[in-house]
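Working notes, structure below.
The values are calculated or read from the model by the stated rules, or taken from the named source; none is laboratory data. For clarity, every value in this text was computed on a predicted model and none was experimentally measured. FYI the Cβ positions are ideal-geometry reconstructions off the backbone, even for glycines, and counts take in every protein chain you see.
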Amino acid sequence: MIKIPQMEPWFDEAESNAVKSYMQSGGFVTEFKKTQELEKMLCRFTGAKHAVMTVNGTVGLMLALLALDIKTGDEVLVSDLTMIACANAVALIGAKPQLVDVEANTLCLDLERAKEKITKKTRSLMYVTLNGRSSDMKRVIQFCQKNNLFLIEDAAQSLGSYYHGKHLGTFGQMGIFSFSTQKVITTGQGGALVTNDDKLAQKIRRLKDFGRDKGGSDIHNFWGWNFKFTDLQSVIGIEQMKKLPFRLQRKKDIYQRFRNGLKEVKKISFIETNLEDTSPWFIDIYTKDADSLAAYLAEKGIGTRRIYPPIHTQKIYGESYKGATFPIAQKYSQQGLWLPSSSKLTNTEIDEVVRSIVEYYKWKFH
Ligand SMILES: *Cc1c(COP(=O)(O)O)cnc(C)c1O
């Protein structure tokens with residue numbers, strides 16, 4: 001029985017009261033004013049000029065690719081160590097994800113390795129800021145400019161994380177966030193695109209609403225489908241946004257407490273994390289004993305989760321990347337373990353997890 005889950009969402013009366021009063025107000029539930037309000041909050045929080053809500057982060061990535069006119073046969077550089085959504089969003093529109101190994105110090109896509117993967121068909125770099133960390137974003141932008149690539153930032157795990165004080169997701173042509181149940185804050189499912197480009201923002205709004213130029217119109221001069229959000233979810237999102245600053249601070253404190261508690265455990269390493277800029281989404285540790293540690297913790301009722309398998313090893317992509325090697329992604333994937341990371345976690349629970357990990361290493365190496 002799991003006592004301390006790896007992750008759980010955090011709602012209280014604020015969300016249930018807001019949903020109740022919204023339902024009593026006679027709202028249409030579908031996307032309307034509450035979604036606009038949530039979008040404005042996201043603009044204020046991230047500093048982006050435009051924010052557009054959509055059904056989820058994966059569709060957000062797909063809309064970004066469509067808005068940039070990336071087409072069948074084009075190639076997009078994607079990290080090998082990320083959630084499958086990145087590569088699959090590229091595949092969904094008929095383009096090819098060109099996988100690239102990561103850097104050991106940030107676990108983000110390695111620009112040196114990316115150089116080797118550029119072909120005449122490469123149109124975009126999808127840059128995932130894994131767990132709220134990034135490399136030097138100025139270098140990422142320069143790399144894209146030099147190679148004539150659109151920069152799409154997958155900041156699904158980076159709400160509340162910055163590079164030198166500028167919010168991640170706002171460096172490229174477009175950035176996306178996710179509000180699935182696992183993420184920093186949640187609307188169950190949900191995604192947002194952010195951009196400073198008026199034309200791209202307009203294009204995304206058309207793409208997600210049947211190509212309409214204004215609500216309710218049945219004249220279609222542009223392509224579009226239906227990837228709209230709902231006001232009912234936005235009501236929850238607005239309440240979650242109000243708690244965001246507190247939760248981000250809590251994420252930082254949780255990370256710090258784990259680091260301090262585990263600093264004597266030499267078999268565990270952490271990725272160097274600057275807590276001024278990064279609010280770690282999850283607590284990630286790296287150890288050669290990831291599997292057996294996870295099993296030991298499970299017996300104590302402590303939930304963990306292994307970090308992603310490298311995308312090139314997934315069966316759906318296996319054939320396309322035969323013979324290619326991604327040593328850093330492979331190593332960190334084999335060693336990565338996500339510890340309990342909900343912002344609901346109490347200090348007592350953190351200390352219990354730390355104690356169990358210390359015990360495990362005593363038991364294993366006595
Ligand atoms: C969660 C996540 C996504 C997908 O977001 P959904 O809202 O679940 O579709 C994409 N990229 C990364 C890095 C993620 O963590």
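Within the range 91-106, identify whether any single residue is under 30 Å from residue 18 (Cα atoms), within 15 Å of the ligand (Cβ to nearest atom) and buried (at least 19 other Cβ atoms within 10 Å of the Cβ), and answer yes or no.
The initial filter retains those residues of the range 91-106 that are under 30 Å from residue 18 (Cα atoms), namely none.
The answer is no; no qualifying residue exists.
Go over the candidates 137, 62 one by one and state the one that is within 15 Å of the ligand (Cβ to nearest atom) and hydrophobic (A, V, I, L, M, F, W, C).
Selected residue: 62, the only one of 137, 62 that is within 15 Å of the ligand (Cβ to nearest atom) and hydrophobic (A, V, I, L, M, F, W, C).
Starting from the range 214-226, keep only residues that are closer than 18 Å to residue 68 by Cα, then list their pairs with residues that are aromatic (Phe, Trp, Tyr) whose Cβ atoms are within a distance under 6 Å, requiring at least 6 positions of separation or different chains.
That search, which allows pairs on different chains as well, returns 224/210.
Could you say which residue among 258, 229 is touching a residue at least 12 places away in the same chain (Cβ under 8 Å), within 16 Å of the ligand (Cβ to nearest atom) and surrounded by 20 or more Cβ atoms within 10 Å (Cβ to Cβ)?
Exactly one residue qualifies, and that residue is 229.
Name the pairs: first residue in the range 261-284 and surrounded by fewer than 19 Cβ atoms within 10 Å (Cβ to Cβ), second residue modelled with pLDDT of 95 or more and in a loop (DSSP other than H, G, I, E, B), Cβ to Cβ under 6 Å, at least 6 apart or on different chains?
267/287
Count, please, the residues in the range 39-59 that happen to be within 10 Å of the ligand (Cβ to nearest atom) and closer than 18 Å to residue 171 by Cα.
Just the residues of the range 39-59 that are within 10 Å of the ligand (Cβ to nearest atom), to begin with: 54-59.
If we keep only those that are closer than 18 Å to residue 171 by Cα as well, we get 57.
Total satisfying the criteria: 1.
Between a first residue in the range 175-195 that is outside any loop (DSSP other than H, G, I, E, B) and a second residue that is basic (Lys, Arg) and more than 6 Å from the ligand (Cβ to nearest atom), which pairs have beta carbons less than 6 Å apart while being 6 or more apart in sequence or on different chains?
Filtered contacts from the range 175-195: no entries.
Do you know which residues across the range 140-174 are in contact (Cβ under 8 Å) with a residue 40 or more places away in the chain, assigned to a loop (DSSP other than H, G, I, E, B) and within 15 Å of the ligand (Cβ to nearest atom)?
Passing the criteria: 156, 157, 158, 159, 160, 161, 169, 172.
When you scan the range 79-89, do you find a residue that is crowded, with 19+ Cβ neighbours inside 10 Å and away from the ligand (no atom under 16 Å from the Cβ), even just one?
There is no residue in the range 79-89 that is crowded, with 19+ Cβ neighbours inside 10 Å and away from the ligand (no atom under 16 Å from the Cβ).
Just name the residue that is surrounded by the most Cβ atoms within 10 Å (Cβ to Cβ) out of those in the range 302-325 that are farther than 21 Å from residue 90 by Cβ and among the charged types (D, E, K, R).
It comes out as 305.
Which condition does residue 185 not pass, out of (1) within 11 Å of the ligand (Cβ to nearest atom); (2) crowded, with 21+ Cβ neighbours inside 10 Å, if it passes all the others?
(1)
Report whether or not residue 195 is among the hydroxyl-bearing types (Ser, Thr, Tyr), within 16 Å of the ligand (Cβ to nearest atom) and under 24 Å from residue 240 (Cα atoms).
Spelling it out, it is not the case that residue 195 is among the hydroxyl-bearing types (Ser, Thr, Tyr), within 16 Å of the ligand (Cβ to nearest atom) and under 24 Å from residue 240 (Cα atoms).
Do you know which of the residues in the range 107-134 that are within 16 Å of the ligand (Cβ to nearest atom), within 20 Å of residue 91 (Cβ to Cβ) and of a type in the set (Ser, Thr, Tyr) is surrounded by the most Cβ atoms within 10 Å (Cβ to Cβ)?
127
Identify all residues within the range 142-182 that are surrounded by 19 or more Cβ atoms within 10 Å (Cβ to Cβ) and among the small types (Gly, Ala, Ser); write none if there are none. Working first, answer last.
Keep residues of the range 142-182 that are surrounded by 19 or more Cβ atoms within 10 Å (Cβ to Cβ), which gives 143-144, 149-163, 167-172, 174-179, 182.
Correct list: 155, 156, 158, 160, 161, 169, 172, 175, 178.
Collect the residues in the range 326-354 that are free of Cβ contacts under 8 Å to residues at least 40 places away in the same chain and either outside any helix (DSSP H, G or I) or over 30 Å from residue 311 (Cα atoms) (or both), keeping them in residue-number order.
346, 348
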